[in-house]
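Q: Once you've had a glance at the structure underneath, I'll fire off some questions.
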């Protein structure tokens, strides 16, 4: 199978490319290195089945000479905690529109990276693919990311209804691991690890009682590869996450990471940051997936415990920081 991955030098893209190459796929990757890193794909460049295109997806001509079976669209702006909501909304739509147009022209399938953030403030747990999507008020820019992904899902399905676009939509839950971005862009775990390695206080937003289900990257890309390669996934929506038992509060995550790095008897250094420091901001209190659909249809099963995955991630991140 020929697969094009947008955001190839990013966290999920680089790990997915390696797995698919190992499974015999031909990979075309696009990135402009605005958030990805050359180091993430340096071990792929010499593979004859790997083809890299440097450029911005805002330019549709970038896709002109590439024809594939599946386009995995991972490139995205994220939650505008420190950036512009307008940029998140504009760029996510523009990139998706160009990808959809390309898929329709070439009769390719789009595999769209959505997010668990679309479930928003829904209090009915765990979240399954038919759960209601409940967002906060429109003047809270934190919801711009979820809005852009909900619009993306609707836009894709509307193109399926109108023009027969084949698609699969994936909603990721808290992926972490090697090649993750080391800023808040990569999630709390990456920042917590850096702080603990430097013996600096871990910054906890709010009271830290908000919880997440974290998924080790090997499990994330295993689920994603099953979605790409299995015909049962066509025109379906899937959660890709870890087991319910891996749910953990952000406060407990900070303590766990500190003790994995500094030792079980070490008292964690913590600094609580009020949400008011981010302006008008809302957080999601719980984010727990129901993964029974992808397990039933595609045989997906996450294999890594949180502690096991964090230890592997800490080893990688220590090497990156101190190399």
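Q: Run the quick spin-label model on residue 235 and residue 321: label points 7 Å from Cα toward the beta carbon, then report their separation in nm to one decimal.
A: 4.9
Q: Another question, then. Of the residues 45, 257, 291, which exhibits the maximal mean-square fluctuation in a Gaussian network model of the chain defined by a 10 Å Cα contact cut-off?
A: It is 45.
Q: Under a point spin-label approximation (7 Å from Cα along Cα-to-Cβ), what is the residue 59-residue 303 distance to one decimal in nm?
A: 4.0
Q: For n ≥ 4 DSSP H runs only, could you compute -39500 (n - 2.57) per run for the chain, divide by its residues and tell me the 222 nm figure to the nearest 500?
A: The per-residue figure over the chain is -11500 deg cm²/dmol.
Q: Which number do you get for Rg(Cα) / (2.2 N^0.38 Å) in region 82-191?
A: Its radius of gyration relative to the 2.2 N^0.38 Å reference: 1.15.
Q: On full extension of the chain, what length is gained from residue 1 through residue 252, given 0.36 nm per residue of separation minus the C-alpha to C-alpha distance?
A: Net length gain for the segment: 86.1 nm.
Q: Between residue 67 and residue 154, what is 0.36 nm times their sequence separation minus the Cα-Cα distance? Round to one decimal in nm.
A: 28.9 nm
Q: Mind telling me which of 18, 124, 102 comes out most flexible in a GNM of the chain, alpha-carbon contacts under 10 Å?
A: 124
Q: Counting other beta carbons within 10 Å of each Cβ, put 283, 290 in order, fewest first.
A: So the residues, fewest neighbours to most, are 283, 290.
Q: Beyond 22 Å, how much of the Cα-Cα pair distribution for region 210-310 remains, as a whole percent?
A: Roughly 45 percent, rounded to a whole number.
Q: Moving to a separate point now. For region 155-230, what ratio Rg/Rh do Cα atoms give with a Kirkwood hydrodynamic radius?
A: Rg divided by Rh gives 1.14.
Q: Hey, another quick one. Where is the GNM fluctuation largest for the chain (alpha-carbon springs, 10 angstrom cutoff): 152, 208, 24?
A: Of 152, 208, 24, the most mobile in the Gaussian network model is 24.
Q: Please give, to one decimal in nm, the separation of the simple spin-label points placed at residue 52 and residue 161, each 7 Å out from Cα toward the Cβ.
A: 4.1
Q: Hey, with R₀ at 25 Å, roughly what FRET efficiency would residue 124 and residue 311 work out to, going by the Cβ-Cβ distance, to 0.05?
A: 0.15
Q: Enumerate the whole-percent occupancy of each 10 Å bin, from 0 to the last occupied one, for all C-alpha pair distances of region 116-178.
A: Spelled out per bin, shortest first, that is 19, 44, 30, 7.
Q: Along the Cα-to-Cβ line of residue 90, 7 Å from the Cα, sits a label point; which residues in region 33-72 have backbone N less than 20 Å from it?
A: Hits in region 33-72 for residue 90 at 20 Å: 33-35, 55-62.
Q: Regarding region 1-126, what are the three Cα extents along the principal axes, ordered largest first, in Å?
A: Cα spread of region 1-126 along its principal axes, largest to smallest: 46, 28, 28 Å.
Q: Distance from a point 7 Å along Cα→Cβ of residue 197 to each backbone N in region 298-323: keep the residues under 19 Å and list them by number.
A: 307-323
Q: If the chain between residue 43 and residue 278 were fully stretched, how many nm would it gain, using 0.36 nm times the residue separation less the Cα-Cα distance?
A: Once the chain is fully extended between residue 43 and residue 278, it gains 80.8 nm.
Q: Below 8 Å, C-alpha to C-alpha, sequence gap of six or more: please give me the relative contact order for the chain in percent.
A: After rounding, I find 18 percent.
Q: To continue, here is another question. Normalized C-alpha radius of gyration of the chain, against 2.2 N^0.38 Å?
A: This ratio for the chain stands at 0.96.
Computed from the coordinates by the stated procedures, all read-outs in this text should not be read as laboratory data. This structure is a prediction, so every number in the text was calculated from the model and none was measured. Cβ atoms come from the backbone with ideal geometry, glycine included; neighbour counts cover every protein chain shown.
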